[in-house]
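Asker: Sharing a structure here in structure tokens format.
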Amino acid sequence: MSDRLTGALTRRRTRLLLLAAVLCLPPFYLDAFWLRIGLFSMAAAIGAVGLALLTGTAGQLSLGHAFFLAVGAYGYSWFAGEPGAGLPPALAALLAVLLAGAAGGLFSPVAARVKGIYLGIATLALVFLGHHVLLTADSVTGGFNGRSVPPMTLGGFTFAESDPELTVLGVPFGAEERLWFLGLALFGFTWFTARGLLRSRPGRALAALRDSETAAAVMGVDVARHRSAAFVVSSMYAGLAGVLLALAFRRVVPDYFSLVLSVDYLAMIVIGGLGSVAGATAGAVFVTALPLLMTRYADQLPLVAAPGSSEGAVGPTEAARYLYGAAIVLVLLYAPDGLHGLARRARDRVGRRRSRPPADTHDIPSPPQPTAAARPKEHTP
């Protein structure tokens, strides 16, 4: 048994190393458009993992995820920028994540006492309140026009286009190429910490809380404390996603962090699979990449108008929303566990086929031959 477990762990580590190596290759082969899609997808995946922990694992509905993304994005821009605190960018990013967690902590008493649709309505107020603050606090947020985002700098290395130009293996590394590896590192950190949390005792307590609060309380789970902790952790992941989004956009504006963004994140975790880190990642890539791809190839798609066109056809963004809205309906009807569940079932089916021994005609026993009927014993006279 120990040899089998060791072999499984070794294969898993090998697959992870191969995946990490593959994910390091796109900056050397893809242009800026595809790298930008990857950056936005990684930022969305970080935020979706946080929402999956809150909604999929802890069973708490939240429509205010866009608010915490805005706290992380604007917090980094103010802590690192001018006007602002002018702090080192790495410290500013850390403080922005902590600020998002503090905002979640301030709201956590509500999350500890309210659940279900009522919590969703309560978090909805955060989006409207945050949008109002972003528009009116001009000295901090820049108002309607937003504010520019200072580039990230670590140890004298700048994750932006700067002089002198950087060339790696003959490939010029601009802002997208540099930010790709930063986003990959942040996503890897999110992946391993979230999976570790799900497998830990608090993660199992959150899962028990989702299934039955009464049973969890009987087993000794502090319901209010774990609800609050889940909200704070989810807010910190959203703050980290906001920091990466700000670095990728290079400018933050209030209209981006609207209710539509919160609905997009709910779509990500539903399509990908509730309570799954891998599922949240797959759903984030699907929901983020689809409108960008449809915008680029709008002139080649039927019934989709190019951006800025005056025709009456549907725009690429609206068409993308229709498509992943239909995907949500199909998932709810036919695959409630999302893309992650479909992939798991397909993998299990393939594994069963591989482990099934092949039929060998030489080893098939021949059917038993019918025996002659026993002759009844004759009676002696």
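Asker: So PHE173 ticks every box in (1) at pLDDT 90 or above; (2) in contact with a Ser or Thr (Cβ under 9 Å, 6 or more places away or on another chain) but one. Which box is left unticked?
Answerer: Condition not satisfied by PHE173: (1).
Asker: When you look at VAL260, is it within 25 Å of VAL71 (Cβ to Cβ), part of a helix (DSSP H, G or I) and open to solvent by less than 40 Å² (accessible area, probe 1.4 Å), yes or no?
Answerer: no
Asker: Right, here's the next one. Which residue pairs have Cβ atoms closer than 6 Å, lie 6 or more positions apart in sequence or on different chains, and pair a first residue in region 95-107 that is farther than 13 Å from LEU69 by Cα with a second residue that is surrounded by fewer than 24 Cβ atoms within 10 Å (Cβ to Cβ) and of a type outside the set (Val, Ile, Thr)?
Answerer: Pairs found: LEU95/PHE79.
Asker: Do you know which residues across region 231-251 are more than 12 Å from PHE40 (Cβ to Cβ), of a type outside the set (Val, Ile, Thr) and open to solvent by 10 Å² or more (accessible area, probe 1.4 Å)?
Answerer: Residues satisfying the conditions are MET236, TYR237, LEU240, ARG250, ARG251.
Asker: Given the criterion closer than 29 Å to LEU23 by Cα and at pLDDT below 90, identify the matching residue among THR153, THR190.
Answerer: Details: THR190 fails: at pLDDT below 90.
Result of the check over THR153, THR190: THR153.
Asker: Surrounded by fewer than 20 Cβ atoms within 10 Å (Cβ to Cβ), farther than 28 Å from GLY203 by Cα and either touching a residue at least 24 places away in the same chain (Cβ under 8 Å) or not acidic (Asp, Glu) (or both): which single residue out of PRO254, PRO336, PRO316, PRO302 fits that description?
Answerer: Numbers: PRO254 fails: surrounded by fewer than 20 Cβ atoms within 10 Å (Cβ to Cβ); PRO336 fails: farther than 28 Å from GLY203 by Cα; PRO316 fails: surrounded by fewer than 20 Cβ atoms within 10 Å (Cβ to Cβ).
It is PRO302.
Asker: Considering only residues that are more than 14 Å from LEU292 (Cα to Cα) and either β-branched (Val, Ile, Thr) or free of Cβ contacts under 8 Å to residues at least 60 places away in the same chain (or both), which ones fall in region 18-50?
Answerer: LEU18, LEU19, ALA21, VAL22, LEU25, TYR29, LEU30, ASP31, ILE46, VAL49
Asker: Give the number of residues within region 118-146 that are within 16 Å of PHE231 (Cβ to Cβ) and of a type in the set (A, V, I, L, M).
Answerer: Total satisfying the criteria: 7.
Residue-wise test of (1) under 30 Å from ALA224 (Cα atoms); (2) among the small types (Gly, Ala, Ser); (3) surrounded by 10 or more Cβ atoms within 10 Å (Cβ to Cβ).
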site	(1), (2), (3)
ARG11	no, no, yes
LEU16	no, no, yes
PRO26	no, no, yes
GLY38	no, yes, yes
SER41	no, yes, yes
VAL49	yes, no, yes
THR55	yes, no, yes
GLY59	yes, yes, yes
TYR76	no, no, yes
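Asker: Please work out which one of (1) free of Cβ contacts under 8 Å to residues at least 40 places away in the same chain; (2) under 29 Å from ALA73 (Cβ atoms) is the condition LEU206 fails and give its number.
Answerer: Every listed condition holds for LEU206 apart from (1).
Asker: Considering region 194-224 alone, what residues qualify as being open to solvent by less than 50 Å² (accessible area, probe 1.4 Å), part of a helix (DSSP H, G or I) and β-branched (Val, Ile, Thr)?
Answerer: Of everything in region 194-224, just one residue is open to solvent by less than 50 Å² (accessible area, probe 1.4 Å), part of a helix (DSSP H, G or I) and β-branched (Val, Ile, Thr), namely VAL223.
Asker: Can we say ALA58 is in contact with a Lys or Arg (Cβ under 8 Å, 6 or more places away or on another chain) and of a type in the set (Gly, Ala, Ser)?
Answerer: On the way: in contact with a Lys or Arg (Cβ under 8 Å, 6 or more places away or on another chain): yes; of a type in the set (Gly, Ala, Ser): yes.
So ALA58 passes the test.
The values are calculated or read from the model by the stated rules, or taken from the named source; none is laboratory data. These numbers were taken from a predicted model, which means no experiment stands behind them. Quick reminder, even Gly has a Cβ in these numbers, built from the backbone with ideal geometry, and neighbours come from all protein chains shown. Surface areas here come from the heavy atoms of the whole protein model, side chains and all, with no ligands, DNA or RNA. Shrake-Rupley method; radii C 1.70, N 1.55, O 1.52, S 1.80 Å.
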